[in-house]
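Shown next, in structure tokens, is the structure this report addresses.
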Amino acid sequence: MEIKTFSKVDEKIYFEKLDNGLEVYLYPTNKTKNFYITISVKYGANVTKYKNEKETIEVIPGSAHFLEHKVMALSENEEISKRINDLGSLANAWTSYYGTNYNIFGSINLRENLKLLLDIFYNTNINEKNVEEEKGIIGEEIDMYKDQLDGLLSQKLFNNLFHESYVKNTVLGERSDIEKITAKHLNQIYKDFYATNNTFIVVCGDFDENEVLEDIKEYMKKVKTKKTPVPKRIKKKDLPTVGVLYEEFNKKVSNPRVKYAIKIDKSLFGIKDDTILKYYIGLILSTNLSVTSELFERYKNNGIVISMSYGVNVIDDYVIISVSALCKDEQKFIENIEKDIKTLVIEKAEFERKKKSVLKSVIVDFDSIEEIEYNITTSLMMDGEIDFDIYNSVNNMEYDMCQNVIDTIINNINANNISIIKTIK
């Protein structure tokens, strides 16, 4: 096993890549008696079209999430479900745009829980009958999501920002999409992407790394899936302009909501590391737009907003900066934010203070096995690797570069790369 160490915090990850391509990341610690076991696939809802060795496949929106349901089908495997409950463990799964994660959290018998999770993952039965039965369940989940106004507005905003991007589809898909999904379609995706060399395991908790690795190796000897070429994701290059500049959304709410967003070509910032770029922008937005900022106080005191938040996302080739507000006067908010977003500023002392806060969070994350697992998993899904030098990368962030980021934002705001959505009664 290879030992990889996170800088500054001196926390170690044991890593081994098996002959079949499966990557294993082990984080043994005596900080907790709980454990968190996950197995993840580098396949998510951002794959809308791909090419395998034989053909090009058009992926029906919602397929990654639907496949998650059929792999984690505990209701169809009463024996495994009962054993997980008997052990007092919790089994769950989630799908993002970047990957799919299956997990078990518990405190008793890590090694048996590991075997149970592997049994779930590698003994999938997808047929027309259980696919049809699942459509109603997922349809209800889609309806519940649509009842969450903020999430719904965010999805509409991202749909308006892009012309061709995967974010124009939700992770869950629409009911009309789900009706098109077949067992054949899901089995094809499972075969193409759920290969061992596109999969990784993360184990966090109090355990012996050699025993757990040996358990995984023994289990893999009977697994039929093998190392195969990972299909190539096909994506269209999006335009720098937004698709829809302005939209009004009819919804009966006590106070109107507004979402304002800017779409900027990522290459203009000159920062290759997406994580560091998001940190820079996050520091700037936190200083200027958070609930402790002078701007928020002014908006609140002038009867413009009740609450306000911000976000930064990197979607393929573009950075999206968004501001959301629960308003008293939505028109004044739009008029003011369009002017104030061009006056972003951060003093050096404030930059250094906020950078120290980020550095502290990097250290504090190691107090929670859930945070450790999530950081490892999302890094591998989104970047294909773990940044073991993240502390030093943040520590090396410079004030002058932060100023360049501000200038890039301000100089690249124009009428064609802003999208606004607001609720109306």
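Rundown of residues vs (1) modelled with pLDDT of 95 or more; (2) part of a helix (DSSP H, G or I), yes/no style:
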| site | (1), (2) |
| --- | --- |
| V364 | no, yes |
| I376 | yes, yes |
| M397 | yes, no |
| M401 | yes, yes |
| D407 | yes, yes |
| I413 | yes, no |
| S419 | yes, no |
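Would you mind stating whether K354 is within 29 Å of V305 (Cα to Cα), modelled with pLDDT of 95 or more, open to solvent by less than 30 Å² (accessible area, probe 1.4 Å) and not aromatic (F, W, Y)? Show your work before the answer.
Working: within 29 Å of V305 (Cα to Cα): yes; modelled with pLDDT of 95 or more: yes; open to solvent by less than 30 Å² (accessible area, probe 1.4 Å): yes; not aromatic (F, W, Y): yes.
It is true that K354 is within 29 Å of V305 (Cα to Cα), modelled with pLDDT of 95 or more, open to solvent by less than 30 Å² (accessible area, probe 1.4 Å) and not aromatic (F, W, Y).
Looking at the stretch 289-321 only, could you name the residues that are among the polar types (S, T, N, Q) and open to solvent by 20 Å² or more (accessible area, probe 1.4 Å)?
Once the filter is applied, which keeps residues that are among the polar types (S, T, N, Q) and open to solvent by 20 Å² or more (accessible area, probe 1.4 Å), the stretch 289-321 yields T292, N301, N302, S307, S309, N313.
Taking first residues from the stretch 280-297 that are farther than 20 Å from K356 by Cβ and partners that are of a type in the set (D, E, K, R), the Cβ contacts under 6 Å between residues at least 6 apart in sequence or on separate chains come to L295/D340. Only one of D400, D407, D387 is open to solvent by 50 Å² or more (accessible area, probe 1.4 Å) and under 30 Å from L22 (Cβ atoms); which? The conditions single out D387. Look at I57 and say whether it is part of a strand (DSSP E or B) and surrounded by 15 or more Cβ atoms within 10 Å (Cβ to Cβ). For I57, the condition - part of a strand (DSSP E or B) and surrounded by 15 or more Cβ atoms within 10 Å (Cβ to Cβ) - is met.
Taken across the stretch 9-16, residues that are β-branched (V, I, T), under 15 Å from N375 (Cα atoms) and modelled with pLDDT of 95 or more do occur, with at least one present.
Return the pair list, or none, for Cβ contacts closer than 8 Å from residues in the stretch 145-163 that are basic (K, R) to residues that are part of a helix (DSSP H, G or I) and open to solvent by 20 Å² or more (accessible area, probe 1.4 Å), at least 6 apart or on different chains. Within 8 Å, the pairs are K146/L152. Every condition in (1) within 24 Å of the chain's Cα centre (by Cα); (2) crowded, with 18+ Cβ neighbours inside 10 Å holds for E209 except the one numbered (1).
Test I372 against the criterion of being among the β-branched types (V, I, T), out of contact with any Pro (no Cβ under 6 Å at 6 or more places or on another chain), at negative phi and assigned to a helix (DSSP H, G or I), and give yes or no.
Details: among the β-branched types (V, I, T): yes; out of contact with any Pro (no Cβ under 6 Å at 6 or more places or on another chain): yes; at negative phi: yes; assigned to a helix (DSSP H, G or I): yes.
Yes.
Looking for something at pLDDT 95 or above, among the hydrophobic types (A, V, I, L, M, F, W, C) and buried (at least 16 other Cβ atoms within 10 Å of the Cβ) - is there at least one such residue anywhere in the stretch 252-261? Scanning the stretch 252-261, I find at least one residue that is at pLDDT 95 or above, among the hydrophobic types (A, V, I, L, M, F, W, C) and buried (at least 16 other Cβ atoms within 10 Å of the Cβ), so the answer is yes.
Would you mind stating whether V312 is in contact (Cβ under 8 Å) with a residue 24 or more places away in the chain, β-branched (V, I, T) and under 15 Å from S419 (Cα atoms)?
Values: in contact (Cβ under 8 Å) with a residue 24 or more places away in the chain: yes; β-branched (V, I, T): yes; under 15 Å from S419 (Cα atoms): yes.
Taking the combined requirement at face value, the residue satisfies it.
What about Y279, is it under 30 Å from L157 (Cα atoms) and either aromatic (F, W, Y) or over 25 Å from the mean Cα position of the chain (by Cα) (or both)? Before you say what the answer is, go through the steps one by one.
Numbers: under 30 Å from L157 (Cα atoms): yes; either aromatic (F, W, Y) or over 25 Å from the mean Cα position of the chain (by Cα) (or both): yes.
Criteria met by Y279.
The values are calculated or read from the model by the stated rules, or taken from the named source; none is laboratory data. Every value quoted in this text rests on a predicted model; they were computed, and no experiment measured them. Positions of Cβ are generated from backbone atoms using ideal geometry, with glycine treated the same way; all protein chains shown enter the neighbour counts. To get the accessible areas, we keep the full protein, side chains included, count just its heavy atoms, and leave off ligands, DNA and RNA. Shrake-Rupley method; radii C 1.70, N 1.55, O 1.52, S 1.80 Å.
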